[in-house]
Amino acid sequence: MARLTWLPTLAAAFLLPSLARAEAPKAFANLRDAAQSVESLAAFLSRFVGTCTDIEERAACLANSRKARNELAGKSFHVILDREATRMLKGGSFNPATREYTIEMTPFFEAGGLGLTNGEPKGQDSEGRPRIQIEPIRTTLPPDLLPMDMERLLRTQNVKIHLVFKALGVWSLPGKGSDKIEGVKARFQAVRLTAARNGDEVALKVY
């Protein structure tokens with residue numbers, strides 16, 4: 001699907017830096033620093049779930065996956081998601097009185113054909129897609145930042161998602177034919193959104 005490209009106006013270029021430029025807040029930094037870093041979400045999910053397609057090696061592959069799950073389950077991990085993950089974010093409501101802006105996040109992040117979810121999907125929709133509860137991420141906009149600026153930032157995918165999560169187990173749903181939709185059930189501990197252009201904090205949710 002074609003993506004809209006956005007060439008920021010001079011005004012918008014000066015608006016975004018007014019977001020918090022500080023280092024990660026302590027509440028997030030403590031969780032991040034206590035977690036193991038994940039370089040590739042696809043590789044992590046494949047190891048945890050066990051993508052075993054070779055018939056001859058299937059038994060050994062499944063055994064290795066069970067061992068990996070025993071080693072990884074219950075531990076905390078930190079990953080910076082790729083740009084495609086920002087498709088799970090969209091602009092929500094804005095309260096002019098408090099300047100509180102709500103970002104709606106669908107906590108389903110796909111990599112390598114597998115999903116990472118906050119909790120387990122609650123069944124499937126009419127098209128067979130996993131049903132995931134949308135979660136709000138609330139932030140307070142500074143006086144010189146408009147809701148449309150935030151919506152543009154999200155729409156153009158100029159946001160990075162920093163995620164700290166605890167891996168809990170695996171889930172599986174029926175797919176087309178004999179295929180399955182699989183993923184890792186996690187408990188999200190913190191989500192920090194930063195502007196891809198300069199690293200300014202956009203929003204923070206600590207669970």
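Taking each pair of different alpha-carbon atoms in the chain once, compute 1/r for the pair, average those values, and report the inverse of that mean as the Kirkwood hydrodynamic radius in Å to one decimal. Could you put the intermediate results ahead of the total?
Numbers: mean 1/r = 0.0542 Å⁻¹.
Final number for the Kirkwood radius of the chain is 18.5 Å.
Partner aspartates and glutamates whose Cα lies under 19 Å from the Cα of Lys205, excluding those fewer than 8 positions away in the same chain, are identified as Glu23, Asp33, Asp82, Glu100, Glu104, Glu135, Glu151.
The trypsin sites (Lys or Arg not before Pro) of the range 170-207 that meet both conditions, a loop assignment by DSSP and at most 15 other Cβ atoms within 10 Å of the site Cβ, are Lys176, Arg197.
Comparing Ala59, Ala35, Ala97 in a Gaussian network model of the chain, where Cα atoms under 10 Å apart are tied by springs, the biggest mean-square fluctuation is seen for Ala97.
Could you tell me whether the range 140-207 comes out rounded, prolate or oblate from its Cα gyration tensor? Rule is a ≥ b ≥ c as square roots of the eigenvalues, rounded for a/c under 1.5, then prolate if a/b exceeds b/c, otherwise oblate. Let's see the in-between values first.
Details: a/c = 3.44, a/b = 2.00, b/c = 1.72.
Prolate shape, in that a/c is at least 1.5 and a/b is the bigger ratio.
Of the residues Ile181, Ile55, Ile103, the one that moves most in a GNM of the chain with alpha-carbon contacts below 10 Å is Ile55.
Here the 3J(HN,Hα) profile of the range 127-141, calculated from phi with Karplus coefficients 6.51, -1.76 and 1.60 at θ = phi - 60°, is 9, x, 7, x, 8, 10, 6, 5, 10, x, 10, 9, 9, 9, 7 Hz, Gly and Pro shown as x. Note on Phe109, Phe94, Phe28: ascending count of other Cβ atoms within 10 Å places them as Phe94, Phe28, Phe109, the fewest first. Charges were assigned to the Cβ only: +1 to each Lys and Arg, -1 to each Asp and Glu. The resulting dipole of the range 48-152 about its Cα centre is roughly 280 debye.
Helices in the chain that qualify as membrane-span-like (whole DSSP H runs, Cα extent of at least 20 Å along the helix axis, mean Kyte-Doolittle hydropathy of -1.0 or higher) are 58-72.
Distance between the C-alpha centres of the range 53-70 and the range 174-207: 26 Å, rounded to the whole angstrom.
A short reminder: the numbers here are calculations on the coordinates, not readings from a lab. Source: prediction; values computed, not measured. Here the Cβ is made from the backbone with ideal geometry for all residues, glycine too, and neighbour counts use every protein chain on show.
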